[in-house]
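Here is the structure we will look at.
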Amino acid sequence: MAFINEHYLKLQAGYLFPEIGRRVSDFKSAHPERKVIDMGIGDVTQPLVPSVIKAFHEGVDEMARIETFKGYGPEQGYGFLRESIAQNAYLSRGVEIHAGEIFISDGSKCDTGNIQEIFGHENKIAICDPVYPVYSDTTVMAGKTGSRKKNGYYEGIIYMPCTEENRFIPELPEEVPGLIFLCFPNNPTGAVATKEELKKWVDYAIAHKSIILYDAAYEAFIQEESIPHSIFEIEGAKRVAIEFRSFSKTAGFTGTRCAFTVIPEELVAYDSKGKTHPVKKFWNRRQATKFNGVSYPVQKAAAAVYTEKGQKEVRELIAYYLENARLMDESLQTAGFKVFGGKNAPYIWMKTPNNIPSWDFFDKLLNEAQVVGTPGSGFGPSGEGYFRFSAFANRENVLEAMERIKHLS
Ligand SMILES: *Cc1c(COP(=O)(O)O)cnc(C)c1O
């Protein structure tokens with residue numbers, strides 16, 4: 001008899017985006033003549049920039065000639081890309097991260113999900129509420145939790161509510177976790193953490209021998225000079241943190257797939273006898289066993305992001321989305337909504353009018369304005385009464401959606 005992994009049975013049946021998809025398609029079949037504008041899902045809309053496309057083509061051409069053909073690449077990623085990331089994403093900002101500490105992958109979703117595999121089952125996991133659902137769902141799949149409680153929390157996870165009162169920056173947990181997921185700029189709230197706020201977390205992790213799993217997928221959207229782009233800008237962080245970065249939102253790679261994870265040499269975890277082990281060695285072993293690298297043309301395309309021309313082009317791309325966010329912030333505020341985020345992140349986090357439940361507001365917006373957003377409660381119980389708009393839509397659609405929302409009853 002083959003037994004199923006029963007931990008999967010604990011997962012919430014209707015995952016957020018399928019449920020949105022179902023409601024939207026029901027509406028569309030009932031009203032085929034209405035144009036629905038999607039401001040919901042966190043996917044980019046603008047094409048890859050010219051420098052990236054050129055490098056991508058060259059990479060494909062190299063694969064077509066016997067002299068330059070490449071088979072399996074290094075599981076950790078090609079040296080040219082790892083060196084370029086170390087130089088341009090870290091050393092240029094005064095952060096000493098070396099190529100050997102950088103692992104190229106096909107996505108931060110995979111890496112944030114897979115990373116737990118190298119840590120023991122006895123670790124308690126701390127997760128923000130609301131947040132990107134991948135961290136908790138993969139914790140459940142790994143069997144590190146009990147069942148799902150009525151309020152949507154899984155037994156065994158340490159939840160850290162992020163609310164208006166704490167400006168969507170969680171408090172240090174009382175119960176000490178082994179692993180702490182943090183994500184700044186945040187999806188869904190658009191909140192960013194200052195150096196002082198991150199320093200508190202790094203000091204906490206050092207004091208408790210915990211490890212911070214820092215998701216910086218939206219780092220490129222940071223506009224304010226004083227906001228750190230990397231957790232490694234904080235003193236001591238290399239002893240206690242892993243950082244996840246992705247080309248998905250930075251350079252429009254959601255359909256192209258390239259990301260990287262940084263594990264500093266000095267980061268250690270403990271065995272049951274209290275002996276330390278370098279975490280990097282374990283991730284390297286995991287990747288070398290279960291992963292065969294990202295395709296050569298994609299890595300070549302990713303490296304083009306760091307050329308002078310590539311940087312200029314992706315900055316324009318980011319500026320386009322941030323201008324969308326600014327327009328949305330302005331219109332929604334004018335329309336009387338209470339709005340957060342959107343300044344250093346491509347997400348607007350909004351209070352629903354009169355505190356109506358997130359899904360009720362979703363239905364109202366769909367029925368009355370044919371605009372789709374994401375119900376805040378889908379990101380965790382503390383997201384109830386909030387709503388997320390993504391700034392990744394086309395400008396034209398953003399303007400039309402905002403116009404329609406203005407006339408909402
Ligand atoms: C989009 C996103 C990612 C990126 O995932 P990829 O697999 O690299 O496309 C990572 N973390 C968060 C919070 C995201 O929203």
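The values are calculated or read from the model by the stated rules, or taken from the named source; none is laboratory data. Nothing here was measured: the structure is a model prediction, and the numbers come from that model. Here Cβ is always computed from backbone atoms with ideal geometry, including for glycine, and neighbour counts include all displayed protein chains. The protein model used for the area step is the full one, side chains on, heavy atoms only, and it has no ligands, DNA or RNA in it. Shrake-Rupley method; radii C 1.70, N 1.55, O 1.52, S 1.80 Å.
The table that follows gives values for the structure above.
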{"read-out": "Most to least accessible of K406, K195, K10 (protein chains only, probe 1.4 Å)", "value": "K406, K195, K10"}
{"read-out": "Pairwise FRET efficiency - V60 versus M141, Cβ, R0 = 45 Å, nearest 0.05", "value": "0.80"}
{"read-out": "Charge sum, other residues only, whose C-beta stays under 12 Å from T254's C-beta, Lys/Arg counted +1 and Asp/Glu -1", "value": "+1"}
{"read-out": "FRET efficiency, R239 to E165 (Cβ-Cβ, R0 30 Å, nearest 0.05)", "value": "0.45"}
{"read-out": "The stretch 32-105: chymotrypsin sites (Phe, Trp or Tyr not before Pro) falling in loop per DSSP and having at most 12 other Cβ within 10 Å", "value": "F69, Y72"}
{"read-out": "Fully extended contour minus Cα-Cα distance, from Q87 to H407, at 0.36 nm per residue", "value": "110.3 nm"}
{"read-out": "Simple Cβ-charge dipole of the stretch 52-308, Lys/Arg +1 and Asp/Glu -1, about Cα centre, in debye nearest 20", "value": "780 debye"}
{"read-out": "Neighbour-limited loop hits for GluC sites (Glu not before Pro), the stretch 96-153 (at most 13 other Cβ within 10 Å; DSSP other than H, G, I, E, B)", "value": "E96, E122"}
{"read-out": "Overall form of the stretch 73-113 per C-alpha gyration tensor (a/c, 1.5; a/b vs b/c)", "value": "oblate"}
{"read-out": "Gain in span if fully extended, L16 to E308, counting 0.36 nm per residue against the direct Cα distance", "value": "101.2 nm"}
{"read-out": "Gyration tensor verdict on the chain (Cα atoms; rounded if a/c is under 1.5, prolate if a/b is larger than b/c, oblate otherwise)", "value": "oblate"}
{"read-out": "Anisotropy class of the stretch 237-352 from Cα gyration tensor, a/c 1.5 cut", "value": "oblate"}
{"read-out": "Structure-based [θ]222 nm, the chain - -39500 (n - 2.57) summed over DSSP H runs of at least 4, per residue, nearest 500", "value": "-10500 deg cm²/dmol"}
{"read-out": "Virtual spin-label span in nm between E368 and Y320, 7 Å along Cα→Cβ", "value": "3.3 nm"}
{"read-out": "Accessible area per residue, Å², the stretch 52-308 with all protein chains present, probe 1.4 Å", "value": "42 Å²"}
{"read-out": "Rounded FRET efficiency, nearest 0.05, which uses the C-beta distance separating F80 from E174 and R0 of 45 Å", "value": "0.45"}
{"read-out": "For the stretch 1-138, the spread of Cα positions along each principal axis, largest first, Å", "value": "55, 51, 44"}
{"read-out": "Beta bridges per DSSP with both ends in the chain, % antiparallel, nearest 5", "value": "55 percent"}
{"read-out": "14 Å beta-carbon shell around T276, net charge (K/R +1, D/E -1)", "value": "+3"}
{"read-out": "Length added when fully stretched, H98-T45, from 0.36 nm per residue minus Cα-Cα", "value": "15.8 nm"}
{"read-out": "Carbon plus sulfur fraction of accessible area for the stretch 178-291, probe 1.4 Å, in percent", "value": "49 percent"}
